[in-house]
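Participant: Have a look at the structure that comes next, please.
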Amino acid sequence: MSSTSRASFGSKFGIIMAAAGSAVGLGNIWRFPIETGQNGGAAFILIYIIAIALLGVPLMVAEFFIGRHAHTNAAHAYKKLSSHPFWSNIGFIGVLGGSLILCYYVVVAGWVLKYMFLSLDGTLSTLFTPGDASGYESLFGNFVSSTWSPLIFMVLFVLMCHFAIAAGVRKGIEKLSKIFMPALFVILVVLVGFSLFAPGAQEGLSFLFHPDFSKLTTSSVLSAIAQAFYSLSLCMGCLCTYASYFGKDVNIIKSAVSISVIDTLVAIMAGLIIFPAVFSAGISPQSGPSLAFIALPGAFQQAFGAVPAVAYIVSVLFYALLVLAALTSAISLYEVPTAYIHETWHIRRRYAALVVTAVCLMLGTVCSLSMGVLGDLHLFGKTVFDFLDYFCTTIMMPLSGVFIAIFLGWVVKRDIFMDDVTNGRTLRAAPAGVIHWLLRWVAPILLFAAFLGVLGVI
Ligand code: TRP
């Protein structure tokens, strides 16, 4: 494939929207508030922001550099910077990891889609009984453990991704991101506005902004790092693949900083929506993964119960927000194997997307059924769904992170990095120098320590 006929993004705004679309996802709106709730509120957010600055931004710059420099998919990109048999192949971890994450991500995205319909048709508001979440609990439990309903919504979601990807980089990914991301932002602002006026909102705000350092443990520091990686879509090929569609004039460092700021802002705004509502409904912020599907539907009804129309609107908007966020993230995960198959086998993009869709539907079905009829099928003591999540986010992601940091800090010549990141020395060298230093010294050590921590060695 010649480089002239290769796809590219059309504008800098499109680039920021697409990459921010990848970053902003269920991780921000669903996972971040749960992690914050379980790890002591503001103290966790502080560690999270430090992790983004020391590890997140440098690794994002690294992936952008590799993708744009190589101008090809995530697996082959590393081969253009090294011929060593080990280093030239580390991109495969990303392609494999990105594809696996996609397979369980679409399952949760399907639930979100279902809940958008449940709030639209009024089911979520009629189920409400003050002070009793059992209605929502059995609704969720019965739904995820049933066979067909979650599968149908997963298939619907996968088809949406498929058509977006098949439409192409500019007409699919970029165009959708340019519409969805601003829409998402508007919904966020409206919801924050509503939530701040919920009775008892104050308590939620102080939980978010007054740090409780006594709750910080080694494991919460590890969770903050894992959350930062997951939220920024790092090390799983997405950013590298997107950067292969960047033009030579894009300021990589500035883009990485903007995307990280947008991503963090969205996560904090999601906290601003969720915690005031949760506190105002008298629910414990630690209530875990069931927060979005069991506690929140009731919390919205309780917090805005005085004006039922507002409760209805907030609920619909919240799940619509989750659907939009999940779509742009899943699309970026989809693009990783699609670009790889398209360029390796020289088959059309549309057919490559079909292969990805077929594999994703098969594995996704197993993940979805692992909540119900396949619940007894265990891999290393976990259900298929939990195992994939664990394997991708706690093993593959930090491992890929260590490799990428060492690759850039020690294997690739510093001059190549500096030339490329400063756009041929037309931009200031100091920021690129700092990033290189962080990649060379700080990231490998911190990530290696984190990896040992995950394995329970330290
Ligand atoms: N960042 C997305 C979210 O917050 C999910 C995601 C997309 C992702 N691409 C990724 C996570 C790559 C890890 C790696 O929901």
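Participant: Hey, got the dipole for the range 132-283? About the Cα centre, +1 on K and R Cβ, -1 on D and E Cβ, debye to the nearest 20?
Facilitator: Dipole magnitude for the range 132-283 comes out near 680 debye.
Participant: Something else now. Given Ala42, Leu55, Ser125, which one lies farthest toward the positive end of the charge dipole of the range 36-147, if we put +1 on the Cβ of every Lys and Arg and -1 on the Cβ of every Asp and Glu?
Facilitator: Of the listed residues, the answer is Leu55.
Participant: Ok, one more. How about the range 368-429: which chymotrypsin sites (Phe, Trp or Tyr not before Pro) there are in a DSSP loop, with at most 16 other Cβ atoms within 10 Å of their Cβ?
Facilitator: Answer by residue number: Phe380.
Participant: Averaging sequence separations of C-alpha pairs under 8 Å and six or more residues apart, then dividing by the length of the chain, give the relative contact order as a whole percent.
Facilitator: That works out to 32 percent.
Participant: Taking the Cα centre of each part, how many Å lie between the range 261-340 and the range 179-239?
Facilitator: 10 Å
Participant: State the Kirkwood hydrodynamic radius of the chain in Å, one decimal place, computed from all pairs of distinct Cα atoms.
Facilitator: Taking the inverse mean of 1/r over all distinct Cα pairs, the chain comes out at 22.3 Å.
Participant: Loop only by DSSP, 16 or fewer other Cβ within 10 Å of the Cβ. Give me the trypsin sites (Lys or Arg not before Pro) in the range 1-44 that pass, ordered by residue number.
Facilitator: Sparse-neighbourhood loop trypsin sites (Lys or Arg not before Pro): Arg6.
Participant: Sticking with this structure for a sec: Angle check, please: helix 349-369 long axis (alpha carbons) against the longest principal axis of the chain (alpha carbons), in degrees 0 to 90, nearest 10.
Facilitator: It works out to around 40 degrees.
Participant: Next question. Which trypsin sites (Lys or Arg not before Pro) in the range 175-256 sit in a loop by DSSP (not H, G, I, E or B) and have at most 12 other Cβ atoms within 10 Å of their own Cβ?
Facilitator: Lys248
Participant: Let me ask another. Considering Cα pairs under 8 angstrom that are at least six residues apart, work out the relative contact order of the range 344-391 and quote it in whole percent.
Facilitator: Once normalised by length, the contact order is 22 percent.
Participant: State the Cα centre-to-centre distance between the range 384-458 and the range 66-130 in whole Å.
Facilitator: 19 Å
Participant: Something else now. Going by how many other beta carbons lie within 10 Å of each one, how would you line up Leu26, Leu239, fewest first?
Facilitator: If I rank by nearby Cβ atoms, fewest first, I get Leu26, Leu239.
Participant: Is the shape of the range 318-458 best called rounded, prolate or oblate, per the rule: a/c under 1.5 gives rounded, else a/b larger than b/c gives prolate, else oblate, with a ≥ b ≥ c the square roots of the Cα gyration tensor eigenvalues?
Facilitator: oblate
Participant: Also, quick follow-up: Over the range 324-454, what is the mean sequence separation of C-alpha contacts under 8 Å (at least six apart), divided by residue count, expressed as relative contact order in percent?
Facilitator: The normalised contact order for the range 324-454 reaches 17 percent.
Participant: Taking the Cα centre of the chain as the origin, how large is its charge dipole in debye, to the nearest 20, when only Lys and Arg (+1) and Asp and Glu (-1) carry charge on their Cβ atoms?
Facilitator: 1540 debye
Participant: Here's another thing I want to ask about it. If you line up the Cα atoms of the range 120-263 on their principal axes, what length do they span on each, largest first, in Å?
Facilitator: 57, 45, 32
All of the numbers you see were taken from the coordinates with simple rules; none came from a lab. These numbers come from a predicted model, not from an experiment. Note that we place each Cβ from the backbone using ideal geometry, even for glycine, and neighbour counts take in every protein chain shown.
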